[in-house]
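Beneath this line is the structure, given in structure tokens, with notes to follow.
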Amino acid sequence: MRTRKLALGNRNIIGAQVTQARNKIGMKQSELLAKLQLSGIDISSPALSLLEGQKRPVSDIELNALADILQVSVDWLLGRE
């Protein structure tokens, strides 16, 4: 696993949670990307990296899909649990 070279941004509050949940279940970014695309979320690899780096806003549709795929609650992704 590579370490992040740049500091986290401030465009979303779920990016670090997405990374944590993904790593906890041993999922690579490419696997998450494929699952997102299968669920109808058209997102590129660079966009997913920016999302995890908190440098890209997240839509409500993406938030729901991420919670479902990572098997966590939307509240947890938002830091509410």
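Please verify whether Leu63 is part of a helix (DSSP H, G or I), of a type outside the set (Gly, Ala, Ser) and in contact (Cβ under 8 Å) with a residue 40 or more places away in the chain, treating the condition exactly as stated. Reasoning before the result, please.
Details: part of a helix (DSSP H, G or I): yes; of a type outside the set (Gly, Ala, Ser): yes; in contact (Cβ under 8 Å) with a residue 40 or more places away in the chain: yes.
For Leu63, the condition - part of a helix (DSSP H, G or I), of a type outside the set (Gly, Ala, Ser) and in contact (Cβ under 8 Å) with a residue 40 or more places away in the chain - is met.
Take the conditions surrounded by fewer than 11 Cβ atoms within 10 Å (Cβ to Cβ), in a loop (DSSP other than H, G, I, E, B), on the phi > 0 side of the Ramachandran plot and touching a residue at least 40 places away in the same chain (Cβ under 8 Å) and apply them to Gly79. Does it pass? It is true that Gly79 is surrounded by fewer than 11 Cβ atoms within 10 Å (Cβ to Cβ), in a loop (DSSP other than H, G, I, E, B), on the phi > 0 side of the Ramachandran plot and touching a residue at least 40 places away in the same chain (Cβ under 8 Å).
So which pairs qualify, if the first residue must be in the stretch 47-60 and without any contact (Cβ under 8 Å) to a residue 40 or more places away in the chain, the second must be among the β-branched types (Val, Ile, Thr) and part of a helix (DSSP H, G or I), the Cβ gap must be under 6 Å, and the two must be at least 6 apart or on different chains? Between residues of the stretch 47-60 that are without any contact (Cβ under 8 Å) to a residue 40 or more places away in the chain and residues that are among the β-branched types (Val, Ile, Thr) and part of a helix (DSSP H, G or I), the close pairs are Glu52/Val18; Glu52/Thr19.
A quick yes/no check of all residues on (1) aliphatic (A, V, I, L, M); (2) at pLDDT below 95; (3) surrounded by 12 or more Cβ atoms within 10 Å (Cβ to Cβ):
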| residue | (1), (2), (3) |
| --- | --- |
| Thr19 | no, no, yes |
| Arg22 | no, no, yes |
| Met27 | yes, no, yes |
| Leu32 | yes, no, yes |
| Gln37 | no, no, yes |
| Gly40 | no, no, no |
| Leu51 | yes, no, yes |
| Ser59 | no, no, no |
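The values are calculated or read from the model by the stated rules, or taken from the named source; none is laboratory data. Just so we're clear, the structure is a prediction, and the values are computed from it rather than from any experiment. Cβ coordinates were reconstructed from backbone atoms using ideal geometry, including for glycine residues, and neighbour counts include every protein chain displayed.
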